[in-house]
Each structure stands twice: as C-alpha cells, then as structure tokens.
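Single-structure report; data block below.
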Amino acid sequence: MKFVVQNMMKALRWILAMMAVAALCCACGDSDTDGVPEPAPAVYYWRTTLALDSTERAFLAEHNIKKVYLRYFDVAVGADGKIAPNATLRFADSLPPAIEVIPTVFITENCLRYDLDEFAPRIVRRVTTMTDANRVNAARELHLDCDWTERSLDDYYAFLKAVRAQLPEGYRLSATIRLHQLAMAPPPVDYGVLMVYNTGDLTDHSCPNPILDERDVVPYVKRLADYRLPLCAAYPNFGWNLLFDGTTFKAILYGEDLADSTVYYRLDPTRHLVIQSRDIYIARGAETVHLNAGDSVLSRLPAPDAIVKIHDMLAKRRPAINSQVIIYSLDSKNINNYNSKHYEKIYRP
Amino acid sequence: MRKFIALSLLALLTAATALACGGWGRPHYYMFHVCPEPQEQPSSISASVNKYWIDYTGGKADSYDVNALGNVDLKKWSTSDNEIVKAIIAKNDYEAELYVKRLIGYLNISDALAPDAWNYPTAEEKADYFNRLAGIRAQAMGYKGERFKAQYALLVMRTYMAQGLYTDNIDYWNKTASRLPASVYRDMMRGIYANALTNSGRADEARVIYAELGDYQSLRWMLRKKRNLAGIKEEYNRDPNSLMLPYLVEDFVNNAQETLDCDGNKESVEYTGHRAVYNAEVKQFITFAKQVAAKKGSRDAAMWLSAAGLLEHISNRNNKEAIALLEKATTLSGTQEMKDNARRCLILAKACDMHSLNESGAAWLAGELKWLESSMYTEGYTMSATSRIADDAIVPLLANDRPRLMAFYSWMASHDIADWSGDYYATLDSVSSADFDRFFSYINDNGGNELDRMLRTGIAKDPINADRFNDMMGTKLVREGKFAAAITYLEKVSLNYLNEQGIARYASRRDYHVERWLKRQIVDYDDGRNDGASPAIKVNQKIQFCKEVLQLEGELKAATGNKACDIAYRLATILFQASYYGDCWYLAESSWSFYHDPVSPGKYDFAARAVDLLDRAVKTTDAKLRVKALYARAYMPVDPCMDYEVDYGSWDGHWKLTRTDGYNYLALSELAKYRRTAGSKAPRYVTRCDILTAFMKY
C-alpha cells in the first residue's frame, strides 16, 4: 500500500512537473504577439481602377499570392467640409478566384476631428455593398489605413470600436501600424500590418533612402517584441523620383518618364537634371508642379538586400511577424523594380 | 454628367478652372488666338438647352427649373412646383410629358450611380438601375416623332454612358446620332462619343473632337502633359499638322503672356487656369517655332511665326525682331484665323514701337483700328486683343496728348472695350477745366489727321452738347475755386438738362446753408425715388453758390470785428457743405465715392478754407456765435484725435483718445473748457455730444 502511495506521489509530482512545463511553454507563446490569423503571401492594390496587366497577373501566380488588400475607397473631408468617400475603386477587372480580397479603406487623419460614430455604419455598409455588388471574393475582414498620431489616437480608437460594432458577426478588423505608432498603445483591432516603409524624410536631400533605411528602423525594433497585438509586415517594392530645387524638396514625381531626354538629362542612375522647364501633374487630380531647368530629380529605391536584411532583423525580434508578408504594391511599374528571387526571399525566406 | 454632358471629362478635373473675373494683376486680355472657333461653346450649349424650356414655359421657368428636373418626384408629378412640369400639365402636352419623365428617370439613376456616393448600389440595385436604363433606352430608340428626336438620341447615348457601354455608344454615334441634323444635342452627343473613344483607348481621336467642339476643359485635361514646349514638340513630331497644335501653341503663348502679367507669380497664373511659362522655355520655343515656320511646306507657318513674333515682343521686348517676324507671318500659309492673328499681333508690336504720331503713322493706326472694329462684335478675341493693344500701345503713345487720349478713351467706351489703363467717363470727370476745354475744341474741330477723324466717330455716339459741356466746365471751375469763371458757363445750362441728371432729386432736397456740424441732411428713400413728379430743380444751385461765395468773400475783406466773424462763419458753412465732407458735394463734383481722396491736386480745398474761416469766426465776442464756431472747429476733420473702438467679442464700442496734439485735440480742448465753464448754460448740441463727453473723461 505504501508502495502504491509512493508511486502515486511520484506520478502526481511528475504530472505537476509536466503541468508546470506546459504552463511555462504557454507563457512563451503569448497570443498577443503571435502572427496574424490565416497568414498567406499578400499584396496591396492601391489604384483607383481594378485592372490587372499581364505582369501583375504573372506576379500573383508566380509568388502564389493568396490575399490582396484591395483599397476600396478613401474617406476624406471634401471641399464642402463634409466627410465623403473619395476615389472609389472602379472594378474594370476581377482578381483570380483563388485569391481572397481584404477590403481596405484609407481614412485621412483630418476626418478624425468629426464625429465618426455616424460614419462607421456608412463605411461598413459601403464596403459590404461594394463586395457584394462586384462579386468580390472577399474575406470576412475590413482593413483600415490611417496615419493617426498621439493627438488623434483617442478619436481613431473610438472610431475603430464603432466600426467593429457595425461589422457582421465573425468579421475581423485589422489596421495598418506605422513604425512611429509602435510607441503608442495598440489599436483595438484583431491584428496590425506593420508598414515597413516610408521610414525616412523624403524632403531631406541628404537622406539616401527615405523609403526604407535600416538606421531609421532600428530605434523602433526594440518595441516590437512587446507590442501586444498580432502583427504581420508590409515591405515596399516601390521607388520615388523626388524633385529638388537645389536641396529644397519640391515634389514627388509620379509617372514621369525620366528617359525623356528633351526634359531630363541623366547624370547617373539615381540622378537626373531637368533641362526643360515645364509643368507636370503630380497627383490624381490636377495638382501641378513646375519643373525648372536646373532642378534635380533623385531616384530613391531601397536596395533589395536592405529589405531582406530588415526583414530578417524584424524576425529576430519577433519571429511571427513575417508569417505573413504583404508587398506594397501590386503594380507593374513597381514589380519590375526587383527580381523574382528577391520577392521569394521576402515571402519565403 | 447631368448638366454638362458635353464636358464629359470635366469630372476628372479637380483643380479650380479659369475664373474670368478672378485673379490678380492686370486683366487677362490675351493676344494670341489661332484656334478655330467652335460652333457652340460649352456654356452656350447648356444655355441653349435651358432656353428651349424657358421658351416652352413662356418665360416662367429659369435655368434652376431645368437643373432641378432631376429632383422632380415622378409620383408627385401632378403637384410638382417645377415650372416645366407645370407647363407640360397646363398644355396637356403628352409628348413632352413622356420625354421629360424619361429624362427624369435617367437623371435619378445617374445620380444614384455616382461613384463616390455614400449609398453604393447593391448588385440588385445596380442591375435594377441598368434594367431601367435599358428600358429608358428602348423607349428612346422607339420614339418615332420628330420633335424630340435629337433629345431622345441624346438620352440613348447618356444611358449607354451611364452603363459604361462605350462600344455601344461608338456604334450608335456612327450609325444614328452622327446623321442627325446639326444641333446643340448633336454636339452633346459628339462629346459623349469622344468620351467613349477615350475610354476605348482612342484618345487621339477624342482630342480632335474636343478641339472641334471647343470643349477646352476636356481638351486641357487630355493634353495636360503636353502644355509645354516638350509636349508641343512631341505632338509636332507625331503629326506636324495635328489639330492639337493650334490649341497647344495658343495655350503656350497666352500662358507666357499671363506669366508676365502676373510678374512670374506661379500661384496667380494658376489661379486663372494657366500654367506659368518662364523665359528659358520661351526662348527655346521661339527657336523651335522659327524652325518649324521655315520648313518647306509648313502648313501653319503663319501661326508658328506669329507665336515667335509675339513672344519676342512681350517676353524679350525685342520689337524690331518682333515686327520683322510678324510682318512675315502675315504673308505665310495658315488659316484665316492664323493670318488675322498675325495682323493683330503686328498692330501691337508696331504701335508699341511708335514714339510719336506723324501723318502716316496716324493713317496706319486709324486703318488698323477700323479693321479691328469690323470684327469686334462677332469675335470676342478681337475685343480682347484690342484691349491689349489699347493698354500696351495706344494709351502710352497718346499719354502726353490729352485731347487725343480722351478721344481714344471715348472710342474704347463706344465699343465697350474694357478699360484697364483709363476710363473715359472717369477721365472726363477728373481732367482740369483747361484740358476739358481743349478736348471740347478738339472734338469740334473738323481738321486733324486720319486718326482724329476716326476717333471723333466714337465721341459722336455719346456727344458732348452745349449743356453738357457748360455744366461740366462750370463744375470743374467751381472745383478749382474759380467761382466767377464758373458762373459764365453755368448760366448757359438749361434747367431741363439739370433735371435730367441722376443727381437732380438729391440736389433738390439739400440746402448748402445748413451747418453740417449741427445737422446732417441724411440720404433717405425719397432721394432715390423717381415718381415722375414736377421737375425737381427750379434753380441752378451752383450759380447761387458761386455768387454767394464771391459776395461773402468780398464782404469779408471789408468787414471787421464781430461782423467779419459772422461773415466768416457763414462762408465757412457753405464752403464746408460744398467740400467732399459736406452734404452738397455735387456743387463741385460729378460723383462721390468713399474711395476718392477728399482733395486732390488742382482742386480748391473747401474744407481747409472753412477751417481758416472758423478760426477767424471763433474770435467773436458774440457768445452764441462763438460756441457754434468752437463746436464747428471741433468737428473739422483735421488731425482727428478720437477714434471709435469696437470690441469684436461683445460688439461694444467706445470713443478713445488716440493723440494729444494737433488741430482736433486743441479744438476739442477749447470746447471742453467752454463746457466746463458754461455748465448747464451750454447749448444741447454741446452737452449731448458723445465725442466731447468721452474726450472730457481723459
């Protein structure tokens, strides 16, 4: 009997020990810092018309992209002072059926000054209607993008709660997180997408890479491990052509053909000199900038190795962050900035 | 999409477009015009559509009713307050009712399909809208009548566009709409056709249509990346005879002109919908334009060389070169618009190059002005160019020849030419009596050169007859303080003439003997009332005034003591009333404006003379007169020391002392001293003066 009791005590100690180990293991795997649910290779699509060319379709296939974060519309304060949808996506095409769409809405920060409780149901209804009306293979998720700051944090988080209250049962809510936002409390969403780009000051003539620079990222990395929100990461594949008058920043040039030798003289692969004065359009609307002969255009594109290095650095601090990688953006103009191997290193290291 | 269907690309423009009356700097009188004139301007398209319905309702409807058709609730058709609907019901016009109901159906759907509406249509709603659009289209296609044939065809194309059925629109235009007779509706359909082409990857064809339609908003959007020398070169290399080139060249030259007019201020230039063009690009353009013009067989050489010539003139100020280029341009190939444009530019450059006016120069200028006159009313750009020529060349040329300059102003006014550098009527009013007398002699002289004879035709449209001349001369002389001379002219003015003047009623209700500081003769409703009653003016006040001034001045010279003080006070009273501060300013002026200086060089300073006289009057021992003179002196607008300050939070105001020296401070101090001494014996106008009360608290 004593033997039996002793054996039972041994077994009990063993069970307790096992339970303690199990408890320790659970503590290591805190769900707040896990990766995002149902991770898959993904891209952002940020144009105003959904129409894919062959390069874009090939990219989706080649990299086995499963998710597209598709910008549906912006919400902005109009000229009449009212909050309204803007630049609504026109569905001229559809995505391959195997791809899941995450409806995405960009909200300008100045909207947060308004009572957004009123607009939360409108936004949710508009998103679901757009999904249904255009037969989009959409996830039960809404993704919001907003460059909120300390000043607007309370309003934004209240808005997110109002949006969540409007979402149908079982819908996820996710949001973009900029590096500087890691210093603030996480937003009340199911997961965040860390935007690993736009890290530097693009208006600074001496900033060699304002899109992504390791030195700009490092100060934020220490916050990653403790950031209590599931995160995935978005990496850039875009470049910028920045117009400067001397060292004074003038504009980002979108869609300019720097090979046009009547206007630009190539000094080296990253620098062009303006040799012909002219006005050019720099935005979706009709905003123009004047090119003066003598201005310079600096082409900024992150080196592929730099992106990979930062990708790995983040993984060391927070292994699950790369469980899902999103490339910004699906656009043939950007896709060809890097080769296929590079994308694979980021998607599937 | 609803209101300016022809401007189908307008929705793409988010920037403010040209505001004709806005902006800074000098007005936007553009010289260069080579584009073919559109048959219908976009603005006149909507005006034509509006006019149809306004006429239909016998003038009861206005453009608001046309634009508000989309708000008509079809379920409440019979009780709608829209004038068009009311007219249809009143006329029992079934054909119009059917058309308008279908149009309203379309307008409602097009609103619901607006891309950025909060209520994004569901798939079912969208399908329903598309079904309804198809239904409206079928009804429109089934229309067999003639009256609304074009409107129904337009409805067909609108419904196709709303559904994004661009290929169908292209087919419908080619097979049906293009064969309809010319009308504003067909122009609108052509705009929609261009929109369909744009959306079908045929932008080059669309541009041509926008150019032909004169839809410069859409064209500007489509050519937005080509509005510069690089773009012009690109288009030229694509097709040297491209229909876009006249638009691009005209745009470039006028942009360069606008940039100079705005002193290079980019923001100001863009405010008017232009783009800034600076010197380096202008120089390169001139070189390019000369090269193109020199090429053998260059079809529009006149346009290219006149662009180079005008830019040499306005940008480089190289007149000799400009004249040489423009003279040649007038002989080169091009459309009639291009040749006429070269001639207008040549007039500008040559007239700017003239430093004096000899017989042959005057004859040439008269001939060219007559040529400009001939097309001024049919072509708006001729008016614009003539304004430019007037401001830049002719006004400076005649600046030292006052009679001719005034005659030229008159010629401009007779043709409604905008007057930036000088206004005929303002000049007529402001010139001295001597200059006006010379002008009168000039216009009544039959001699002179060819230009003089031509300019007098302008004055003939607004003749200066004897009454007008004598009244103006007399008034000018009063203003100059030449009272005796004034009477000789004023006595010749008929009372009938005075009663026809706009000021007649106001003048008849004013008395210049009233002491302005004691009583204000307030402008009231009756001053503006014209009830056709008996002539307001029974005597020429100006003559009476002049005579009284002369008489009192004479008496003052001979008087001494209290009598002199009394005369001085009476004279001060009437002179101050005739000043710009008085209620009887019309005695010496033809008009009054808050913005005018009360006194200007060459004018008699009535108020200053009144101050001198009051200073003399105050020395009286007559207590009653002295206090009035003290009070009047404190009223004089010289070195004011009290300012009314308003708190914009509470809107409470109070008088504040702003200085402790100067005439007004001393006058108020003396008046305050009197009030303290006199106590309750002081007259009410003194004790109740709020400024004095406030002054005495300091």
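Here, each number is a calculation from the coordinates, and none is a lab measurement. Just so it is clear, the model here is predicted, and its values are computed rather than measured. With ideal geometry, Cβ positions are generated from the backbone for all residues, glycine too; neighbour counts draw on all protein chains shown.
Values for this structure:
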item	result
Rounded if a/c under 1.5, otherwise prolate or oblate - the range B:639-697, Cα gyration tensor axes	oblate
Förster radius 25 Å - calculated FRET efficiency between B:Ala117 and B:Lys76, Cβ distance, rounded to 0.05	0.60
Ellipsoid equivalent to the range A:212-342 - semi-axes via the Cα gyration tensor, in Å	35, 15, 14
Rounded, prolate or oblate (a/c below 1.5 giving rounded, otherwise prolate when a/b exceeds b/c) for the range B:373-463 by Cα gyration tensor	prolate
Euclidean distance between Cα centres, the range A:278-349 to the range B:478-530, Å	79
Net length gained if the chain between A:Leu267 and A:Ala61 were fully extended (0.36 nm per residue, minus Cα distance)	70.4 nm
Over the range A:96-148: Rg over Rh, Cα atoms, Kirkwood Rh	1.04
Shielding by partners - mean other protein chain Cβ count within 10 Å, residues of A:84-91	3
Cα-based Kirkwood hydrodynamic radius, the range B:566-638, one decimal, Å	12.7
Inverse mean reciprocal Cα-Cα distance (Kirkwood Rh) of the range B:565-698, Å	16.1
Full-stretch length increase - B:Met696, B:Ser360 - with 0.36 nm per residue and alpha-carbon distance subtracted	113.7 nm
Rg and Dmax [Cα atoms of the range A:243-298; Å; Rg one decimal, Dmax integer]	10.4, 31
Stokes-Einstein D for the range A:145-234, Kirkwood Rh over Cα pairs, 37 °C, 0.692 mPa s (µm²/s)	230
Average projected area [Cα convex hull, the range B:440-543], square nanometres	9.0
The range B:466-620 - percent relative contact order, Cα under 8 Å, separation 6 or more	28
Cα shape, the range B:39-213, gyration tensor, a/c 1.5 rule	oblate
Proximal charge balance of A:Arg271 [Cβ under 13 Å; K/R count +1, D/E count -1]	0
In sequence order, calculated HN-Hα J values of the range A:250-256 (Karplus, 6.51, -1.76, 1.60; Hz; x Gly/Pro)	10, 5, 8, 9, 9, x, 7
Cα-Cα separations in the range B:476-515 greater than 11 Å, expressed as whole percent	71
Two-decimal log10 I(q)/I(0) for chain A, as the Debye equation yields it once each C-alpha is a single scatterer, q = 0.12, 0.15 Å⁻¹	-0.96, -1.42
Ellipsoid equivalent to the range B:466-620 - semi-axes via the Cα gyration tensor, in Å	27, 18, 15
Long-range Cα-Cα pairs in the protein assembly as shown (distance over 56 Å), rounded percent	41
Computed Rg/Rh of chain B, alpha carbon atoms with Kirkwood Rh	1.09
Shielding of A:258-265 by partner chains, average beta-carbon count, 10 Å	2
Cα-based helix-to-principal-axis angle, A:119-133 vs chain A, degrees rounded to 10	80
Cβ-based exposure ranking for B:Ser508, B:Ser494, in which fewest neighbours within 10 Å come first	B:Ser494, B:Ser508
Structure-based [θ]222 nm, chain B - -39500 (n - 2.57) summed over DSSP H runs of at least 4, per residue, nearest 500	-18500 deg cm²/dmol
Count, lysine Cα pairs under 16 Å in the range B:39-213, 8 or more residues apart or across chains	11
When the convex hull of its Cα atoms is projected in every direction, mean area for the range B:454-507 (nm²)	4.6
Long-range HN-HN contacts of A:Leu50 with modeled amide H, under 5 Å	A:Arg90, A:Phe91, A:Ala92, A:Asp93
Solvent-free Debye scattering, log10 I(q)/I(0), computed from the Cα coordinates of the range B:98-148 at q = 0.19, 0.20, 0.27, 0.29 Å⁻¹	-0.65, -0.70, -1.04, -1.13
DSSP beta bridges in the protein assembly as shown [antiparallel fraction, %, rounded to 5]	45
Whole-number percent relative contact order across chain B, with pairs defined as alpha carbons under 8 Å at least 6 apart	8
Relative contact order %, the range B:39-213, counting alpha carbon pairs below 8 Å whose residues are six or more apart	17
D_trans [Stokes-Einstein, Kirkwood Rh over alpha-carbon pairs] for the range B:360-414, 10 °C, 1.306 mPa s, µm² s⁻¹	137
Debye intensity ratio I(q)/I(0), log10, the range A:142-301, q values 0.09, 0.18, 0.20 Å⁻¹ (C-alpha model)	-0.42, -1.05, -1.17
Share of pairwise Cα separations in the range A:55-174, more than 22 Å, in percent	37
Chain B: DSSP helices with Cα axial extent of at least 24 Å and average Kyte-Doolittle hydropathy no lower than 1.6	none
Rounded Å value of the spacing that divides the Cα centres of the range A:29-79 and the range B:252-327	49
Ellipsoid semi-axes in whole angstrom, largest first, where each is sqrt(5λ) of the Cα gyration tensor of the range A:31-101	27, 20, 8
